[in-house]
Amino acid sequence: MNIALFGGTFDPIHSGHLRAAQAAARKFRLDRILFVPSGNPPHKYRDRLTSFHHRFAMVALACAGERRFVPSLLEGPRADGRPHYSIDTAQLVKRSLGPHDHLFFLVGADAFLDLPHWKEYRCLLETVDFIVVSRPGFSGRAIWKTVPRDLVRSTPGNVLPKRIELRSTNLYVLQGVDVPVASRGIRQAIRAGRRVTGLVPQLVEQYILKEGLYRPARTGSTR
């Protein structure tokens, strides 16, 4: 099987996430994409995040109807509050796979540029193949500059290739995926009383409205 890990806070999950996952599934013939909302992300202000049970519920609703999309509790909250790190999650999943299974790590270009700040990011690059989703107008050279040179087998020419060969893995650049929406913008729109129809899956929009998520703090419904 070809399996991809797609992590994030998903606060909330939106149509751009799904569009990227669908494009990756088609291009790389993925059998499963594990959507992994982070319970204790190391690089986010946890006190500003919506409660994990809400974020996971929205992910589960967004995955409904697509057999390849699987909501995952791999990074659910820990009782001691310790953060989850992508390298640990990737290694855990890889150990559970069979010898002929193939594991990918799906990530947006913006998040990939922050990779040098991740725990053991060099080890992560050598553990799984990366699929970096690059939106129109994004500088592919920035992706290339993020990869440590000593991990690269051959230096790309003037045009960034769709595949960069690393020492033991590959980094694929999935170009042309139009993702004109961000979770932060959705939260801001809801706080301003604007509709987000089409920006999030319909079931997710209904859940947000039902639970009163992302409303001004005085309502007490954002946690």
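The values are calculated or read from the model by the stated rules, or taken from the named source; none is laboratory data. Please read these numbers as outputs of a predicted model, since none were measured by experiment. Don't worry about glycine lacking a Cβ; one is built from the backbone with ideal geometry, like all the others, and counts go over all protein chains shown.
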Within segment 70-103, the residues that are out of contact with any strand residue (DSSP E or B) (no Cβ under 6 Å at 6 or more places or on another chain), without any contact (Cβ under 8 Å) to a residue 40 or more places away in the chain and within 23 Å of LEU115 (Cα to Cα) are LEU73, GLY76, PRO77, ASP88, GLN91, LEU92, ARG95
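Go through segment 183-199 and give me each residue that's of a type outside the set (Lys, Arg) and either surrounded by fewer than 15 Cβ atoms within 10 Å (Cβ to Cβ) or in contact with a Leu (Cβ under 9 Å, 6 or more places away or on another chain) (or both). Can you show your working first?
Our first condition is that a residue be of a type outside the set (Lys, Arg); within segment 183-199, this holds for 183, 185-186, 188-190, 192-193, 196-199.
Those that are of a type outside the set (Lys, Arg) and either surrounded by fewer than 15 Cβ atoms within 10 Å (Cβ to Cβ) or in contact with a Leu (Cβ under 9 Å, 6 or more places away or on another chain) (or both): GLY185, ILE186, GLN188, ALA189, ILE190, ALA192, GLY193, THR197, GLY198.
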Subset of segment 147-165, residues modelled with pLDDT of 85 or more, surrounded by fewer than 17 Cβ atoms within 10 Å (Cβ to Cβ) and not basic (Lys, Arg), comes to PRO148, ASP150, LEU151, VAL152, GLU165
Is it the case that some residue within segment 125-132 is closer than 30 Å to ASP101 by Cα, in a helix (DSSP H, G or I), at pLDDT 95 or above and among the acidic types (Asp, Glu)? yes
Is segment 78-90 home to any residue that is surrounded by 16 or more Cβ atoms within 10 Å (Cβ to Cβ), outside any loop (DSSP other than H, G, I, E, B) and hydrophobic (A, V, I, L, M, F, W, C)? yes
Is it the case, given these coordinates, that ASP11 is more than 16 Å from the chain's Cα centre (by Cα) and charged (D, E, K, R)? no
With respect to ILE33, is the statement that it is modelled with pLDDT of 95 or more, among the β-branched types (Val, Ile, Thr) and over 21 Å from SER183 (Cβ atoms) true? no
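Take ALA111 and decide whether it is modelled with pLDDT of 95 or more, in a helix (DSSP H, G or I) and not basic (Lys, Arg). Quick ask: steps written out before the conclusion?
Working: modelled with pLDDT of 95 or more: no; in a helix (DSSP H, G or I): yes; not basic (Lys, Arg): yes.
Taking the combined requirement at face value, the residue does not satisfy it.
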Among the residues of segment 19-69, what is the count of those that are in a helix (DSSP H, G or I), closer than 23 Å to ARG187 by Cβ and out of contact with any helix residue (DSSP H, G or I) (no Cβ under 6 Å at 6 or more places or on another chain)? 15
Limited to segment 104-140, what total is found for residues that are within 16 Å of LEU151 (Cα to Cα), of a type in the set (Ser, Thr, Tyr) and touching a strand residue (DSSP E or B) at 6+ places or on another chain (Cβ under 9 Å)? 1
So which residues in segment 181-213 are of a type outside the set (A, V, I, L, M, F, W, C) and farther than 23 Å from GLY65 by Cα? ARG184, GLY185, ARG187, GLN188, ARG191, GLY193, ARG194, ARG195, GLY212
With respect to LEU151, determine if the residue is touching a helix residue (DSSP H, G or I) at 6+ places or on another chain (Cβ under 8 Å), free of Cβ contacts under 8 Å to residues at least 40 places away in the same chain and not polar (S, T, N, Q). yes
Number of the condition not met by THR50 [criteria: (1) within 30 Å of GLN206 (Cβ to Cβ); (2) of a type in the set (S, T, N, Q); (3) crowded, with 19+ Cβ neighbours inside 10 Å; (4) free of Cβ contacts under 8 Å to residues at least 60 places away in the same chain]: (4)
In segment 110-127, what residues are touching a residue at least 40 places away in the same chain (Cβ under 8 Å) and surrounded by fewer than 17 Cβ atoms within 10 Å (Cβ to Cβ)? ALA111, ASP114, HIS117, LYS119, GLU126
